[in-house]
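Before any comments, here is the structure.
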Amino acid sequence: MAKLIVIKGSDGDRTPFLRGILVQSLVDVGLAFDEAYGLAQAVRNELQDRQEITSAELRGTVAGLLEERHGSQKSKL
């Protein structure tokens, strides 16, 4: 799997996608570690064929997976 680059907002900063950062962000908003890790792994798997993604697209992907797994309550993170 090639490195996935996240393009942040209007300034265009480019940062590699790091599963651990996503896990920590999900834990910070209340998910259990195991749940956050599983979701981050699912995100990584879903995006494995992409080279770039915007931060807005990444948020949408995470929100969509949260909604699939937990309903609309947690998708508003």
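Brief remarks follow.
- Which listed residue, of E68, E57, E35, is out of contact with any helix residue (DSSP H, G or I) (no Cβ under 7 Å at 6 or more places or on another chain), at pLDDT below 95 and in a helix (DSSP H, G or I): E68
- Residue within the range 50-65 that is in contact with a Phe, Trp or Tyr (Cβ under 7 Å, 6 or more places away or on another chain) and surrounded by 16 or more Cβ atoms within 10 Å (Cβ to Cβ) present: no
- Some residue of the range 1-13 being touching an Asp or Glu at 6+ places or on another chain (Cβ under 8 Å) and either without any contact (Cβ under 8 Å) to a residue 12 or more places away in the chain or part of a loop (DSSP other than H, G, I, E, B) (or both): yes
- Among residues of the range 38-60, those that are closer than 24 Å to G71 by Cβ and out of contact with any Lys or Arg (no Cβ under 8 Å at 6 or more places or on another chain), counted: 10
- Filtered by the rule that a residue be among the β-branched types (V, I, T) and surrounded by fewer than 17 Cβ atoms within 10 Å (Cβ to Cβ), the range 26-49 gives V27, V29.
- Selection of the range 5-22 for residues being in contact with a helix residue (DSSP H, G or I) (Cβ under 8 Å, 6 or more places away or on another chain) and either under 14 Å from T61 (Cα atoms) or modelled with pLDDT under 95 (or both) yields V6, K8, G9, F17, R19, L22.
The values are calculated or read from the model by the stated rules, or taken from the named source; none is laboratory data. Just so it is clear, the model here is predicted, and its values are computed rather than measured. Cβ sites come from the backbone with ideal geometry, for glycine too, and all protein chains shown count toward neighbours.
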